[in-house]
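None of the figures in this text is laboratory data; all of them are computed from the coordinates on show. Here the structure is a predicted model, which means the values were calculated and not measured. Neighbour counts run over all protein chains shown; Cβ positions are idealised from the backbone, glycine included.
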Amino acid sequence: MAELSVEIAGLKLQNPFILASGIWGETGATLARALWSGAGAAVTKSIVEVPHGFINAMGLPNPGIDAYGEEVEEALRAGKPVIGSIFGGNAREFSKLARRMEGYGVQALELNLSCPHAKGYGAQLGQDPDITRKITASVKAAVRIPVFVKLTPNVSSIATIGKAAEAGGADGIAAINTLRGMAIDLELGRPVLSHGSGGYSGPGVKPVGIACVYELYGAVRIPIIGMGGISSGADAAEYLLAGAAGVQVGSLVHRSRDRTFPRLCRELDRFLTARHFRSPRAITGKAHGGP
C-alpha cells in the first residue's frame, strides 16, 4: 500500500486530492463535508470586491467577506487545510482580501487570475505577465501564508505567466482554470448562458490541463497543483507524471459527492502499488524523463 500524504509549499495533506474552488463549497458546512469525506484540502469559492459589495465570483449568493469568517471557521473544524480563493480587479483589492482571509484562519490563498468570463477580472488580468507578477508580489507582501496563483489556459504561453507568478514570489501554481466555451440553444437560436460564453470544464479539458502542467513543470521551480477533467485515480496519476505535486477535483464532485475522494484515493493507491511506487511524490514529473 502506498503512502498518499503529500506536502505542497509547506501544506501537509493526507492525500493529494483537493476540492476545487466553486464546486460543493457553497458554505463552511459543505467545505467541511468534502474534507470529512476524504479530501486532503478544500478551496473556498472565490470572493470578489465590487462597487456594491463583496459577491461570489460565480455570481452566486454568499454571505460576503464580512461574514465569511463564520464559513471558514466551520470548514476548519474538519481539521484539514482550507485554502481561501480570492478574486479582485487590481493588486490593492487582492491584498485587502488576502489579509482578511488570512485573519479568518485559512492556511493558504489561491489567487483567481483565470476566470474566463468576468470582465475586468480573472483571465483579463492573468493573461498579462506584468500584472500577474505585481498582484502576486502585493499579496505576498500582505500575508505570511502560502500563496498559489491559479492560471488560465487561455494564453499563448502558460509558462510565461507561470514564470511571472514565480517572479512575484508565488509559493505554487494551480493550473488550469476552465476554458472559455459556449453552447447555442438550437430552438431559440441564442447562447444558452445569458452571459454568452462561460467556463468549460469536465473530462474533455484533461488533455489541455495535462499539457499545461507539463509545460509549467519545465519552466518553474515552485510546486504545481494540477486540475481539469480528473475522473479517476489514473487521471490524477497522469497529472502527477506531468509534474503536479497535487490535484484539484471539481466536476466529478458534482456527480459523486461524498464518494469522490475515497474512490480516487483507492484508485491512485492501486496505481502506485501495482507499479511499486511508495508515494505520489515518487512519480511527480517522471514523464519528463530522468531517474
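Per-structure values
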| read-out | value |
| --- | --- |
| Linear extension gain, residue 90 paired with residue 221, 0.36 nm per residue minus alpha-carbon span | 44.6 nm |
| Förster radius 30 Å - calculated FRET efficiency between residue 255 and residue 185, Cβ distance, rounded to 0.05 | 0.80 |
| Computed [θ] at 222 nm, deg cm²/dmol, the chain (DSSP H ≥ 4; -39,500 (n - 2.57); rounded to nearest 500) | -11000 deg cm²/dmol |
| Highest-MSF residue in the chain out of 274, 108, 42 [GNM, Cα springs under 10 Å] | 274 |
| Chain lengthening between residue 274 and residue 1 when straightened (0.36 nm per residue, less Cα-Cα) | 97.4 nm |
| Selected from 46, 231, 256 as most flexible by GNM, with the chain as the system and alpha-carbon contacts under 10 Å | 256 |
| For the chain, convex hull of alpha carbons as volume per residue, Å³ | 124 Å³ |
| Those residues of segment 1-22 whose amide nitrogen sits under 18 Å from the label point placed on residue 266, 7 Å along Cα→Cβ | 1-4, 15-17 |
